[in-house]
Amino acid sequence: MGYRIAVVGATGNVGREMLNILHERTFPVDEIVALASRRSLGTEVSFGDTTLKTKDLETFDFTGWDIALFAVGSEATKTYAPKAAKAGCVVIDNSSLYRYDADVPLIVPEVNAQAIHGYSKKNIIANPNCSTAQMVVALKPLHDRARIKRVVVSTYQSVSGAGKEGIDELWDQTKSIYNPTDSKPPKKFTKQIAFNVIPHIDVFLDDGSTKEEWKMVAETKKILDPKIKVTATCVRVPVFVGHSESINIEFEDFLDEHEARDILRESPGIMVIDKREDGGYVTPIECVGDYATFISRIRQDSTIDNGLNLWCVSDNLRKGAALNAVQIAEVLGRECLKKG
């Protein structure tokens with residue numbers, strides 16, 4: 001006996017990835033429905049060899065459905081997630097709406113799967129920000145060994161993190177550079193993204209940080225350890241898919257780079273590619289379509305007593321969003337619902 005699954009926002013980048021990954025991982029599905037807004041009604045999406053026609057989210061009855069994977073913005077989630085949860089369908093939400101709610105577990109299965117049992121307070125589970133998800137996968141095994149005091153992270157985030165509009169803008173601007181009569185001014189981003197980098201993701205806060213940077217701080221504390229100090233600079237780069245991060249870690253105890261490399265190699269969800277030679281590291285283009293979080297450039301930081309540097313890369317549409325949501329569903333089924 002399997003599960004009745006609803007994918008909400010099935011026509012978007014993340015929703016389509018959710019459908020792909022559910023099929024790839026042979027999630028025990030008895031019945032699946034693709035839901036979208038009325039403007040996308042009837043759009044066809046793929047689930048393996050099956051074609052699904054999207055149904056209207058506004059009129060859908062979640063009664064009798066087991067799990068709803070939400071891949072829509074916070075406004076739509078605010079309207080429809082409580083309806084699904086009230087009908088007895090467990091919501092796994094990819095938006096930021098519930099991440100900081102004390103009654104909603106924020107889950108990265110490789111890091112804090114045990115927190116899943118708190119879902120019953122609201123029948124909702126939150127999926128973290130894409131940048132946070134890959135970082136805490138890398139930090140968790142190192143934290144268990146040497147206790148992390150402080151993290152300094154700079155991100156290099158792909159345009160797919162801003163949805164289809166972000167992808168289209170990079171594509172159109174890149175082409176227009178070679179055609180001076182076809183100017184494509186910024187719309188989705190605040191400045192030209194083609195052949196450029198933009199140190200600004202989400203809105204600015206009073207302290208000068210952006211909300212994306214604040215998310216990484218708050219979510220790392222909730223998922224991993226509230227005592228860890230985190231400072232982040234989040235940057236949008238002209239890459240279609242795949243987020244990269246330069247991470248500097250200060251530990252309470254000394255951790256040798258060789259031991260750190262061995263620990264990471266043995267840790268779930270991580271692939272270490274770290275040779276000190278030309279090309280002996282992973283870049284975003286190589287991680288697209290992969291489940292793993294890739295770690296490279298592991299080395300001692302000699303400027304502090306107990307420091308390491310590393311480079312972290314992952315497919316943000318997968319581990320940063322759709323894959324993590326499906327992994328949460330797998331843990332939920334295994335630990336709580338126990339139908340599959």
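The values are calculated or read from the model by the stated rules, or taken from the named source; none is laboratory data. No experiment lies behind these values; they were computed from the predicted model shown. As a convention, Cβ positions derive from the backbone with ideal geometry for all residues, glycine included, and neighbour counts pool all protein chains shown. Just so you know, the surface numbers come from the protein's heavy atoms only, side chains and all, with ligands and any DNA or RNA stripped out. Shrake-Rupley method; radii C 1.70, N 1.55, O 1.52, S 1.80 Å.
Rundown of residues vs (1) modelled with pLDDT under 95; (2) closer than 28 Å to Lys140 by Cα; (3) in contact with an Asp or Glu (Cβ under 6 Å, 6 or more places away or on another chain); (4) open to solvent by 30 Å² or more (accessible area, probe 1.4 Å), yes/no style:
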position: Ala71; (1), (2), (3), (4): no, yes, no, no
position: Ala76; (1), (2), (3), (4): no, no, no, yes
position: Tyr80; (1), (2), (3), (4): no, no, no, yes
position: Ala84; (1), (2), (3), (4): no, no, no, no
position: Ser120; (1), (2), (3), (4): no, yes, no, yes
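Each row is one residue, and each column tells you yes or no for (1) in contact (Cβ under 8 Å) with a residue 40 or more places away in the chain; (2) more than 27 Å from Val152 (Cβ to Cβ); (3) hydroxyl-bearing (Ser, Thr, Tyr).
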site	(1), (2), (3)
Tyr281	no, no, yes
Thr303	no, no, yes
Val313	yes, no, no
Leu317	yes, no, no
Ala321	yes, no, no
Asn324	yes, no, no
Gly333	yes, yes, no
Leu337	yes, yes, no
Please go through the stretch 16-75 and pick out each residue that is in a helix (DSSP H, G or I) and without any contact (Cβ under 8 Å) to a residue 12 or more places away in the chain.
Glu24, Arg39, Thr59, Glu75
Quick check on my filter: what residues within the stretch 274-319 are open to solvent by 10 Å² or more (accessible area, probe 1.4 Å), of a type in the set (S, T, N, Q) and in a strand (DSSP E or B)?
Gln300, Asn309
Looking at the stretch 171-191 only, could you name the residues that are within 21 Å of the chain's Cα centre (by Cα) and either part of a helix (DSSP H, G or I) or of a type in the set (D, E, K, R) (or both)?
Lys188
Taking the conditions exactly as written (modelled with pLDDT of 95 or more, more than 23 Å from the chain's Cα centre (by Cα), more than 25 Å from Pro226 (Cα to Cα) and open to solvent by less than 20 Å² (accessible area, probe 1.4 Å)), does Ala194 satisfy them or not?
yes
So Thr181 fits all but one of (1) farther than 25 Å from Ile148 by Cβ; (2) in contact with a helix residue (DSSP H, G or I) (Cβ under 7 Å, 6 or more places away or on another chain); (3) open to solvent by 20 Å² or more (accessible area, probe 1.4 Å); what number is the exception?
(2)
Report yes if some residue within the stretch 144-159 is surrounded by 24 or more Cβ atoms within 10 Å (Cβ to Cβ), assigned to a helix (DSSP H, G or I) and out of contact with any strand residue (DSSP E or B) (no Cβ under 6 Å at 6 or more places or on another chain); otherwise report no.
yes
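Restricted to the stretch 261-273, and to residues that are open to solvent by less than 30 Å² (accessible area, probe 1.4 Å) and touching a strand residue (DSSP E or B) at 6+ places or on another chain (Cβ under 6 Å), which residue is nearest to Gly320 (Cα to Cα)?
Ile270
Quick check: anything in the stretch 217-238 modelled with pLDDT of 95 or more, acidic (Asp, Glu), assigned to a strand (DSSP E or B) and open to solvent by less than 20 Å² (accessible area, probe 1.4 Å)? Talk me through it step by step, then tell me what you get.
First, the residues of the stretch 217-238 that are modelled with pLDDT of 95 or more: 217-238.
When the remaining residues are screened for being acidic (Asp, Glu), the result is 219, 225.
Now restrict to residues that are assigned to a strand (DSSP E or B): none.
No: the stretch 217-238 contains no residue that is modelled with pLDDT of 95 or more, acidic (Asp, Glu), assigned to a strand (DSSP E or B) and open to solvent by less than 20 Å² (accessible area, probe 1.4 Å).
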Give the residue that is least open to solvent (accessible area, probe 1.4 Å), with candidates limited to residues of the stretch 21-43 that are modelled with pLDDT under 95 and among the hydroxyl-bearing types (Ser, Thr, Tyr).
Ser40
Please tell me if Gly242 is open to solvent by less than 20 Å² (accessible area, probe 1.4 Å), under 23 Å from the mean Cα position of the chain (by Cα) and at positive phi.
yes
